[in-house]
Amino acid sequence: MERPRGTKSKADQIKAFLARYQPKLSEARGFLQFMLSKEEILRRTELVTDLTGAECAILVSAKGSGTWPFLFRRGDKVYTKTSQAVVELMKSVPERIALCLSTEPPEWSEERQEFLEMLARWHDEVFREDLDRVTRRQELLRQIDEALERGDRGAFQQLAAELRRLD
């Protein structure tokens, strides 16, 4: 049986979301597929961009979005696990379900910019430290080889000890 036009459109939008994005919560993919398989749930679902005021609300976020990974709200009860949401929907299907498929990146702020700059500095520092350690290790190995060729046991032991401390 073919779905009614409105239901088909919702199903197509959910499928497009799943095809294009990876949900933050991996179980959310299965939850959306569950919704797609239930005609009654899909018929009562409205795709929205804002969940404010919705008695029954579902939020599924894509990786990279600035929203909570998964949320199911029914009245005053809020669930963050998809299994709980499935159980609640199987008990009874509300008249209206607001579904928000969040893909927007988080809002930009000075704090976010400062945080990203700090991460970049840490990355540069760690990279430099790793590069210095690898370079020093290669130099120690070269010097150890030279000490072995010369038969210099003292230099060999000193360089080998330094190599062990470095590793």
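The values are calculated or read from the model by the stated rules, or taken from the named source; none is laboratory data. Predicted model only: the values in this text are computed from it and were never measured. Here the Cβ positions follow ideal geometry from the backbone for every residue, glycine too, while neighbour counts run over all protein chains shown. Ligands, DNA and RNA are stripped out before the accessible areas are found, and what is left, the full protein with its side chains, is counted by its heavy atoms. Shrake-Rupley method; radii C 1.70, N 1.55, O 1.52, S 1.80 Å.
Some observations on this one:
- In degrees, nearest ten, helix 153-166 long axis to first principal axis of the chain (Cα): 20 degrees
- Rolling a 1.4 Å probe over the protein heavy atoms of the chain, with every protein chain left in place, gives an accessible area that is 52 percent carbon and sulfur.
- In order through segment 117-134: 3J(HN,Hα) via Karplus (6.51 cos²θ - 1.76 cosθ + 1.60), integer Hz, x for Gly, Pro: 5, 5, 4, 5, 5, 4, 4, 4, 5, 5, 4, 4, 4, 5, 5, 4, 5, 5
- Estimated inter-spin distance, LYS63 and ARG137, nm [label 7 Å along Cα→Cβ]: 2.8 nm
- Taking Cα atoms only, the orientation of helix 82-91 departs from the longest principal axis of the chain by about 10 degrees.
- Rounded to the nearest 20 debye, the dipole size of the chain about its Cα centre is 1080 debye, using +1 on the Cβ of Lys and Arg and -1 on the Cβ of Asp and Glu.
- Cα-based convex hull, the chain, per residue volume (Å³, whole number): 193 Å³
- Lysine pairs in the chain whose alpha-carbon atoms fall under 23 angstrom of each other, counting only those eight or more residues apart or on distinct chains, come to 20.
- Built amide H within the under 5 Å cut-off of SER102, gap 5+: VAL60, SER61, ALA62
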